[in-house]
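Here's the structure, in structure tokens; my notes come after.
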Amino acid sequence: MRRRLRTSAIEIEGDELSVRELLHLAEEKTGYSFLDELLDSKQGLLTGTMILINGENIRLGQNLETLVNGGDTIDLFSPAGGG
């Protein structure tokens, strides 16, 4: 994703945004469609996608409805293959 977006970080201001809302804002801000690398056709997380808020996996919380606050750090990892 870093190569596709040509950046390793995006700053978005806001408070009490869901991860889903934040992802859509990030896509708008960058002008690049990247959600297809993270979400399936039903807008759920693709198997293997990992999103961390301050180091904690959102799958252990409320998934894409997990709230993000100002100052939080969100890390996105698209599914990867290998062997």
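Quick look at the values:
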quantity: Any pair with Cβ under 9 angstrom, 6 or more apart, that starts in the stretch 67-80 at a residue that is part of a strand (DSSP E or B) and ends at one that is at pLDDT 95 or above and surrounded by fewer than 11 Cβ atoms within 10 Å (Cβ to Cβ); calculated: ASP75/GLY55
quantity: Among the residues listed as ALA80, ALA9, the single one being of a type in the set (Gly, Ala, Ser), at negative phi and under 13 Å from the mean Cα position of the chain (by Cα); calculated: ALA9
quantity: LEU64 among the hydrophobic types (A, V, I, L, M, F, W, C) and part of a strand (DSSP E or B); calculated: no
quantity: Breaking point among (1) at pLDDT below 90; (2) part of a loop (DSSP other than H, G, I, E, B); (3) under 14 Å from the mean Cα position of the chain (by Cα), for GLY14; calculated: (3)
quantity: Filter result for LEU25 (in contact (Cβ under 8 Å) with a residue 12 or more places away in the chain, out of contact with any strand residue (DSSP E or B) (no Cβ under 6 Å at 6 or more places or on another chain) and not acidic (Asp, Glu)); calculated: yes
quantity: Whichever residue in the stretch 37-73 is closer than 18 Å to THR7 by Cα and out of contact with any strand residue (DSSP E or B) (no Cβ under 7 Å at 6 or more places or on another chain) and, among such residues, is modelled with the highest pLDDT; calculated: THR73
quantity: Enumeration of residues in the stretch 1-45 that are surrounded by 14 or more Cβ atoms within 10 Å (Cβ to Cβ), closer than 18 Å to GLY61 by Cβ and not basic (Lys, Arg); calculated: LEU17, SER18, VAL19, GLU21, LEU22, LEU23, LEU38, LEU39, LEU45
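The values are calculated or read from the model by the stated rules, or taken from the named source; none is laboratory data. Predicted, not measured: the structure shown is a model, and the values here were computed from it. FYI the Cβ positions are ideal-geometry reconstructions off the backbone, even for glycines, and counts take in every protein chain you see.
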